[in-house]
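Working notes, structure below.
Each value in this text was obtained by applying a stated rule to the coordinates, not by laboratory testing. This one's a predicted model, so the numbers in the text were calculated from it and none came from an experiment. Here the Cβ is made from the backbone with ideal geometry for all residues, glycine too, and neighbour counts use every protein chain on show.
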Amino acid sequence: MYAIINIKGFDFKVEKGMRLLVPYLGKKAGDSVIFDTVSVLKKDKKIDIGSPYIDNVSVEAKIIDEKKSKKVVVFKYKKRKNYRRKKGHRELYSEIEIVDIKE
């Protein structure tokens with residue numbers, strides 16, 4: 001059984017026991033999260049497709065950890081004007097583990 005869920009504008013194909021890196025959810029490690037934005041659900045040979053989401057279906061996940069991506073360096077420069085700006089940015093992610101897909 002698998003489901004396709006929407007988390008903060010991104011679609012993820014999930015199965016029970018799977019670990020994912022998703023955009024930062026703002027919760028602490030060990031917290032439980034329920035996603036009810038399920039677009040597609042496949043169980044055995046039956047496929048349910050929502051418009052846009054399927055009612056009464058949810059995915060339960062547990063937050064494992066918070067992580068940061070690799071640093072992205074933003075460098076602005078204008079020749080002959082003594083203008084240079086260097087900034088770095090690291091995006092936050094939440095690592096989650098799928099506990100159950102509930103119908």
Q) Mind checking which of VAL40, VAL73, VAL14 has the largest fluctuation in a GNM of the chain, springs on alpha carbons under 10 Å? A) VAL73
Q | Per-selection Rg to Rh, the range 38-79 - Cα, Kirkwood hydrodynamic radius | A | 1.37
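What percent do you get for the relative contact order of the chain when only Cα pairs under 8 Å and 6+ apart count? The partial results should precede the final answer.
Numbers: 231 pairs, mean separation 33.4, N = 103.
Relative contact order comes out at 32 percent.
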Q) Can you work out the FRET efficiency for the pair VAL74 and ARG19, with r the C-beta to C-beta distance and R0 = 41 Å, to the nearest 0.05? A) 0.85
(Q) Mean-square fluctuation check for the chain, GNM, Cα pairs under 10 Å: which of LYS46, LYS67, LYS86 is largest? (A) LYS86
**Q.** Potential extension, LYS8-ARG90 segment - 0.36 nm per residue separation minus Cα distance
**A.** 27.7 nm
Q: Give me the distance in nm between label points sitting 7 Å out from Cα along the Cα-to-Cβ direction at GLU60 and ASN82, one decimal.
A: 6.4
Q. Per q in 0.11, 0.13, 0.22 1/Å, what log10 I(q)/I(0) does a Debye calculation on the alpha-carbon atoms of the chain return?
A. -0.45, -0.56, -1.10
Q: Rank GLU91, GLU60, GLU15 by mean-square fluctuation in a GNM of the chain with C-alpha springs under 10 angstrom and give only the top-ranked residue.
A: GLU91
